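Each reported figure results from applying straightforward, stated rules to the coordinates on display, with no laboratory input. No experiment lies behind these values; they were computed from the predicted model shown. Cβ placement follows ideal geometry from the backbone for every residue including glycine, while neighbour counts extend to all protein chains displayed.
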Amino acid sequence: MEKFMIPTWTLQRFLRERERTNPESTGELTQLLASISLGVKIISQMVATAGIRGVHGYSSRINSSNDKIAFLDDEADRVLFDILQSSGHFGSIVSEERNDAEVTSEWSDEAKYVVAIDPLDGSSNIGSNIPVGTIFAIFRRKKEHRRAGPTDFLQPGSALVAAGYSVYGAKTSFVYSAGDGVHDFTLDPSIGEFVLAQEQMSVPQRGSILSVNEGNWPYWDQKTRDFVMSFKQEDSERGLPYTGRYVGSLVADFDRTLRRGGIFLYPRSTKHPNGRLRLLYETIPLAFVMEQAGGRAVDGDLPVLSVMPESIHQRSGFICGGVDDVEDYLRSIR
Ligand code: AHG
Ligand code: MN
Ligand code: MN
């Protein structure tokens, strides 16, 4: 039977309701999240039409991590930057695609928040119909300086105010946490609104999926190899072997890990001694979401949220998933 669901809980309403019931709320965080979600809707459309617009390729520029900048990376960065800058609700932005933290001149003295973004995650998958996404992290300004700037970002993930991500896949989702659990919204393109799909998501304590790029095997230490190998034994009591899934877009691999459980690994290696992923706009925000959903996230040894960033484009190891899976990892590498 066909059932038409009336979307009573849109993201806007949900955010406003949370603001209304929080006596400390000034509405700025609500405005900021609303602006990010507007940017995400626009990027979703850009991703879907990139092929027919002829912008699947790479520009001639490289970013601070020495990655080639795809046209879509650039478009997504500009959309979020312009929307956030015109919103007046934050003081400074760090983007994967910009070398320095940029300041919003008019508001930066007063602003309460700063934002770090990975405008388009998984850009190596552009053009192959594999999901890509956007990741964001919102910190409260330290206000050590009159004007917001890079030092406002040098705070551990435990100080985050809110974080989340979007996936542009079979559906466009917006998953966020403001420290009161993780909430999942799906874009209904017919009305242009994010509609609540699940309030208070939780990651299964133990899963049955292993997500790792095994092409990095030659660069791992022996303990990492042994750990990955351990999932390939047959042992029905321990639920082994695990199934393998690796898309190569962090947002998509993370989103599946959050919903289905299991373990995602991008450990440090001889190829990437400090890790491959970026701390401020990849591992910190996703670790925050994973922990808010009851899971765990470590950089190899330490909880990601305890790491103090020393620079804005710093890299990080990343192992995350359900509590039991990540604890198995820590036991086996110690
Ligand atoms: P980005 O496209 O924002 O630079 O991020 C790329 C990241 C991430 O999406 C993914 O998990 C990882 O790169 C894939 O790396 P490998 O191709 O080395 O597996
Ligand atoms: Mn990325
Ligand atoms: Mn990116």
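The table that follows gives values for the structure above.
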item: Global form of the chain, assessed from the alpha-carbon gyration tensor, a/c cut-off 1.5; result: rounded
item: Overall form of the stretch 1-99 per C-alpha gyration tensor (a/c, 1.5; a/b vs b/c); result: oblate
item: Over the chain: helical MRE at 222 nm, DSSP H runs n ≥ 4 each giving -39500 (n - 2.57), nearest 500; result: -9000 deg cm²/dmol
item: Length-normalised contact order of the stretch 169-232 in % [C-alpha pairs under 8 Å, at least 6 apart]; result: 20
item: Violating pairs (Cα-Cα greater than 26 angstrom) within the set K68/K232; K223/K271; K41/K68; result: K68/K232
item: Residues E282, E327, E17, sorted so that the one with the fewest Cβ neighbours within 10 Å comes first; result: E17, E327, E282
item: Amide hydrogen neighbours beyond the local backbone of I209, cut-off 5 Å, H modeled; result: T243, G262, I263
item: Built amide H within the under 5 Å cut-off of L240, gap 5+; result: D235
item: Principal-axis tilt of helix 250-260 within the chain, Cα atoms, nearest 10 degrees; result: 70
item: Phi-based couplings in Hz for the stretch 195-204 (Karplus 6.51, -1.76, 1.60; Gly and Pro marked x); result: 10, 4, 9, 7, 9, 6, 6, 9, 8, x
item: The stretch 121-162-the stretch 267-334 distance, computed between alpha-carbon centres (Å); result: 15
item: Global form of the stretch 190-289, assessed from the alpha-carbon gyration tensor, a/c cut-off 1.5; result: oblate
item: Eligible aspartates and glutamates near K143 by straight Cα distance, threshold 13 Å, same-chain separation 8 or greater; result: D109, E110, D152
item: Residue among N66, N216, N125 with the largest mean-square fluctuation in a Gaussian network model of the chain, springs linking Cα atoms under 10 Å; result: N66
item: Table column - 3J(HN,Hα) (Hz), the stretch 213-225, Karplus curve with 6.51, -1.76, 1.60, x for Gly and Pro; result: 7, 6, x, 8, 3, x, 9, 7, 7, 5, 5, 5, 4
item: Relative contact order computed over the chain (Cα-Cα under 8 Å; 6+ residues apart), in percent; result: 15
